[in-house]
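Enquirer: One structure coming up, written as structure tokens, with questions to follow.
The values are calculated or read from the model by the stated rules, or taken from the named source; none is laboratory data. If you're wondering where the values come from, they're calculated on a predicted model, not measured in any experiment. All Cβ positions, glycine included, derive from the backbone under ideal geometry; neighbour counts span all protein chains shown.
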Amino acid sequence: MNPQTISPAAAPASSARAGSASRAYLNLIGGRWVPAKSGKTTENKNPARPDDLIGTFPDSGLDDVNDAVRAAQAAFASWRLVPAPRRAEVILRAAEILRERKEELARAMTREMGKVLAETRGDVQEAIDMAYYIGAEGRRLFGVTVPSELPNKFAMSIRQPLGVCGLITPWNFPMAIPSWKIFPALVSGNTVVIKPATDTPASAHHLVEILAEAGAPEGVVNIVHGGGNAVGVPLTTHPDVKMISFTGSSEVGKAIAERCGPTLKRVSLELGGKNAQIVMEDADLDLALEGALWGAFGTTGQRCTATSRLIVARPVHDEMVRRLAERASQLRLGDGLEPESEVGPVINTGARDRIHSYVQIGQKEGAKLVAGGSAADEGSLGQGAFYRPTIFDGVTPTMTIAREEIFGPVLSVLTVDSLEEAIRVLNDTPYGLSSSIYTRDVNRAMRAVRDIEAGITYVNGPTIGAEVQLPFGGVKETGNGHREGGPTVIDAFTEWKSVYIDYSGKLQKAQIDR
Ligand code: NAD
């Protein structure tokens, strides 16, 4: 492939648009839409209405991964030589297509994932935002130019692509998270093989189709559908994959890091959270209440940044809990495609049952249930995986529900007597992703910003709501130090090369010739 003439991958195999009836999806490998080598497929269904079949997806394995990596490796030879602003043009074209098809893509996402339409529009919007942000990076990809200590010598550093990047994504932001990985990888000159979550393969698939339509050359973007063991494991161990970018649970993230060790792959991990919102007695309580409701029950509590703990100053505890319980009980559950629905289903019935087992543990350990606490099965809700917004009061820091990630609509309220205690309680978890404090006192706010152990802190805002132009990620068991999002995402997807150019015409010795 000549870098000056970018030849696009084949158009999508099926002309069916996202969100239409059931469809047979394929892998994209080396520009061709192909089934799994084994011929096996899996079905993907709507979590609000399990009789609604979204489509069948290839149930891929080692052979498919090997083919995809080979195709990505072959494409890398020329894609790395395409000037970065030209690479960015593909992403900017994708942004335009995403904008045109936003509503249709959002509807398809609600159908496969359950979250309400306003939120799936937000998910597609995040991909659009990322495309514009990273598209502009094509004309930056900043390096550093510094003076040399020697005369007639030039010193600078440039960014170079890594090669084939393996991208493994979860189901809760089915288009936004793939976009946070694919776009920066491509603009940096890498080629990619993505394995999306088996619960939400269609949204990542639609994004890949759009990139093909936008002119991504054959082999530059490959998608291989299938399970964690069958596709994820061979991707992480493949010697020609130079980097793994993974978003998902801490448990799987740790296993991936171990598996990447023997080949010394770069591995960027965005993992779990146990995020908390602090409410001090001087806070605007109306605002804190809205923030807690949105943070805890938005996306049915299935965000890595979801508010899972509410740490409340004793003087405002009773009022906060009473009002929260009242409002949580009034939230309307339903199919995310229905305009009146405020809370959609959880991702599947297995997740619903796991959430309920945490609720039972909370009750057994002595926490007081003040809202929800059961699956919702009245009327048409009975068909789907619905769980009532749930609030526990009287939670102590050692209880299981205060420590483990539940990943569902469950909020634990803990009571404290000072800012110091609030921060101590907030930090007392293995995770460190997002955090928030509601206070009108700037001194308290700034102390919280300084002392909270988390990758993200909001002041007078909920724990959810990250924007693409700032680093995203966390400390402790939430990650391994990389930050995807913001300018730092380019560090995750590039290697530095330092370049010295001596135009003195003689041998000059650094540190010796002075
Ligand atoms: P998960 O860890 O179960 O799966 C994530 C992805 O990894 C899926 O594609 C899955 O098929 C794959 N996978 C599973 N086992 C694998 C293995 N052994 N090797 C390679 N790949 C494997 O997570 P999930 O249930 O899809 O998502 C929920 C989790 O993701 C929560 O813990 C949540 O906090 C986390 N999350 C984190 C962020 C973040 O940015 N920090 C964002 C969203 C979600």
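Enquirer: If you scan the stretch 336-354, which residues turn out to be within 16 Å of the ligand (Cβ to nearest atom) and farther than 11 Å from A385 by Cα?
Expert: Passing the criteria: only R354.
Enquirer: Now for a different question. Does the stretch 327-335 include one or more residues that are in a strand (DSSP E or B), modelled with pLDDT of 95 or more, of a type in the set (A, V, I, L, M) and within 16 Å of the ligand (Cβ to nearest atom)?
Expert: Checking the stretch 327-335: not a single residue is in a strand (DSSP E or B), modelled with pLDDT of 95 or more, of a type in the set (A, V, I, L, M) and within 16 Å of the ligand (Cβ to nearest atom).
Enquirer: Across the stretch 390-404, what is the total count of residues that are touching a strand residue (DSSP E or B) at 6+ places or on another chain (Cβ under 6 Å) and of a type outside the set (G, A, S)?
Expert: The total comes to 6.
Enquirer: Determine which member of the set P161, P174, P151 is under 19 Å from F472 (Cβ atoms) and modelled with pLDDT of 95 or more.
Expert: Just one listed residue meets the conditions, P174.
Enquirer: Confirm whether L369 is surrounded by fewer than 20 Cβ atoms within 10 Å (Cβ to Cβ), under 27 Å from R121 (Cα atoms) and more than 16 Å from the ligand (Cβ to nearest atom).
Expert: No: the conditions fail for L369.
Enquirer: Collect the residues in the stretch 227-258 that are hydroxyl-bearing (S, T, Y), more than 7 Å from the ligand (Cβ to nearest atom) and within 17 Å of the chain's Cα centre (by Cα), keeping them in residue-number order.
Expert: Residue satisfying the conditions is S245 alone.
Enquirer: Would you list the strands (runs of 3 or more DSSP E) that sit entirely within the stretch 371-451 and hold 1 or more residues that are under 23 Å from L324 (Cα atoms) and touching a Phe, Trp or Tyr at 6+ places or on another chain (Cβ under 8 Å)?
Expert: So the answer is 410-416, 434-438.
Enquirer: In addition: Return yes when V499 is away from the ligand (no atom under 16 Å from the Cβ) and under 27 Å from E119 (Cα atoms) and no when it is not.
Expert: Against the criterion (away from the ligand (no atom under 16 Å from the Cβ) and under 27 Å from E119 (Cα atoms)), V499 does not qualify.
Enquirer: Can you tell which of G334, G362 is within 18 Å of T400 (Cβ to Cβ) and crowded, with 17+ Cβ neighbours inside 10 Å?
Expert: Within the list G334, G362, the selection yields G362.
Enquirer: Okay, moving on. Out of the residues in the stretch 53-69 that are free of Cβ contacts under 8 Å to residues at least 60 places away in the same chain and buried (at least 17 other Cβ atoms within 10 Å of the Cβ), state the one that is farthest from the chain's Cα centre (by Cα).
Expert: Filtering first and then ranking leaves D67.
Enquirer: Pull up the stretch 189-206, narrow it to residues that are within 12 Å of the ligand (Cβ to nearest atom) and in a loop (DSSP other than H, G, I, E, B), then point me to the one that is surrounded by the fewest Cβ atoms within 10 Å (Cβ to Cβ).
Expert: T198
Enquirer: Find the strands (runs of 3 or more DSSP E) located wholly in the stretch 207-324 whose residues include 3 or more that are in contact with a Leu (Cβ under 9 Å, 6 or more places away or on another chain), buried (at least 24 other Cβ atoms within 10 Å of the Cβ) and in contact (Cβ under 8 Å) with a residue 24 or more places away in the chain, and list them.
Expert: 221-223, 241-247, 275-279, 307-313
Enquirer: Within the stretch 44-81, how many residues are hydrophobic (A, V, I, L, M, F, W, C) and outside any helix (DSSP H, G or I)?
Expert: Result for the stretch 44-81: 5.
Enquirer: Just wondering, is there one or more residues in the stretch 204-226 that are under 13 Å from the mean Cα position of the chain (by Cα) and farther than 30 Å from A510 by Cβ?
Expert: Yes, the stretch 204-226 contains a residue that is under 13 Å from the mean Cα position of the chain (by Cα) and farther than 30 Å from A510 by Cβ.
Enquirer: Please indicate, with yes or no, whether at least one residue in the stretch 494-507 is buried (at least 21 other Cβ atoms within 10 Å of the Cβ) and either more than 15 Å from C304 (Cβ to Cβ) or modelled with pLDDT under 95 (or both).
Expert: There is at least one residue in the stretch 494-507 that is buried (at least 21 other Cβ atoms within 10 Å of the Cβ) and either more than 15 Å from C304 (Cβ to Cβ) or modelled with pLDDT under 95 (or both).
Enquirer: Right, next: Answer yes or no as to whether L264 is more than 14 Å from the ligand (Cβ to nearest atom), under 25 Å from E477 (Cβ atoms) and aliphatic (A, V, I, L, M).
Expert: It is true that L264 is more than 14 Å from the ligand (Cβ to nearest atom), under 25 Å from E477 (Cβ atoms) and aliphatic (A, V, I, L, M).
Enquirer: So which of A75, A95 is farther than 13 Å from N27 by Cβ, touching a Phe, Trp or Tyr at 6+ places or on another chain (Cβ under 7 Å) and buried (at least 17 other Cβ atoms within 10 Å of the Cβ)?
Expert: After ruling out the rest, the residue left standing is A95.
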